[in-house]
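The values are calculated or read from the model by the stated rules, or taken from the named source; none is laboratory data. Since the model is a prediction, treat every value here as computed from it, not as a measurement. Methodologically, a virtual Cβ is constructed for each residue, glycine included, from the backbone with ideal geometry; neighbour enumeration extends over all protein chains shown. Calculation scope for accessible area: heavy atoms of the full protein, side chains included, ligands and nucleic acids excluded. Shrake-Rupley method; radii C 1.70, N 1.55, O 1.52, S 1.80 Å.
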Amino acid sequence: MNKDRKLIIAGNWKMNKTVAEAADLIDALLIDLKDVKEIDMVVCPPFTALGEVSKHILSTSIRLGAQNMSQHPSGAYTGEVSAMMLKEFSVRYVILGHSERRQYFNETDALVSVKAHAAHAAALRPIICVGETLEEREKGVTEEIIETQVRGSMDGLDAAKAADTILAYEPVWAIGTGKTASTEQAQEVHAHIRRLLASMYDESTARLVRIQYGGSVKPNNARELMSQPDIDGALVGGASLEARSFAQIIKSCLD
Ligand code: PEP
């Protein structure tokens, strides 16, 4: 696929997979994907499986991501995990502000931006998630909602850090529901985000930022979505829990 930016496809395993199951899944993926170089591939297991998965992907082209992290470097924050703790497992990416964290753990744009700064300070690349609810889409306020989330979640990031940030547009109504945004709906929002980035930074920074689409991405819809000019990858939930479907999604986007 002829793209301006290298595609990045990440699997968000959410709160699934024991250590043994994670080992099986990554081994199966490595068999299927060992020769893939043209797409950046990332798996985001739960914290408890990072150590195991990290060992399996040494010297392979699959990279490790975490699903969240604390904004604090260390201290009395029971239950939290810091950037440095993730780095011990060679984690390279961290998902921030996933809609489930916004919805169930009250994460705000302001908190996401503080976490994004902490991630960059530790040389972790944030994958910042934004997306409107069904109610917001039906009210016709999708673009305003996305603009508020992008501006708030990237607050204070300079152009170099912005260019090294991945955005994931994930309409909340499409996550885990089997409903995918149409390619036109997705492309429209992605183009809006890129115009917004150009106004927040400049054209060249906006051209560098990779914007993933997430929301019921499957082997049968991935290629069409990825062929849109402003869609630069996917954040995959359900379909990343099985090696076959995740590998098919990636392979379907190769030339
Ligand atoms: C996600 O949780 O980021 C996601 C996109 O999930 P799903 O692919 O299951 O809709």
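Normalised by 2.2 N^0.38 Å, where N is the number of residues, the C-alpha radius of gyration of the range 8-252 stands at 0.94. Anisotropy class assigned to the range 3-72 is oblate, per the alpha carbon gyration tensor with a/c at or over the 1.5 cut-off and a/b no larger than b/c. Between Glu224 and Thr148, residue separation times 0.36 nm minus the direct Cα-Cα distance comes to 24.6 nm. For the range 83-108, the residues whose amide N sits under 15 Å from a probe point set 7 Å from the Cα of Thr133 along the beta carbon direction are 99-108.
Net length available on complete extension from Asn2 to Ala110 is 35.3 nm, with 0.36 nm assigned per residue and the Cα-Cα distance removed. The chymotrypsin sites (Phe, Trp or Tyr not before Pro) of the range 99-203 that meet both conditions, a loop assignment by DSSP and at most 12 other Cβ atoms within 10 Å of the site Cβ, are Phe105.
Residues in the chain average 45 Å² of solvent-accessible surface per residue, probe 1.4 Å, ligands and nucleic acids excluded. A DSSP coil position with no more than 15 other Cβ atoms inside 10 Å describes the following GluC sites (Glu not before Pro) in the range 1-73: Glu38. Run the simple label-point estimate for Ser182 and Ala198 please: 7 Å along Cα→C-beta, distance reported in nm. For Ser182 paired with Ala198, the spin-label model returns 2.5 nm. Using just its DSSP H runs of length 4 or more, each adding -39500 (n - 2.57), the chain gives a mean residue ellipticity at 222 nm of -12500 deg cm²/dmol after division by all residues. Taking a cut-off of 22 Å, what percent of all Cα-Cα pairs in the range 138-228 are separated by more than that? The share of Cα pairs beyond 22 Å in the range 138-228 comes to 28 percent. In straight-distance terms, cross-link reach from Lys161 covers every one of the lysines whose alpha-carbon lies under 17 Å from its own, apart from those fewer than eight places away in the same chain; here that gives Lys115. Cross-link partners of Lys218 among lysines, defined as those whose alpha carbon lies under 24 angstrom from its own and excluding same-chain residues fewer than eight positions apart: Lys3, Lys6, Lys14, Lys17, Lys34, Lys37, Lys179, Lys251. Per atom type, the chain shows carbon and sulfur on 52% of its accessible surface, probed at 1.4 Å. Label reach from Glu80 (point 7 Å along Cα→C-beta): in the range 140-171, no amide nitrogen lies under 15 Å. Ordering of 160-166, 176-182 by packing is 160-166, 176-182, highest average first (other Cβ atoms within 10 Å, averaged per residue).
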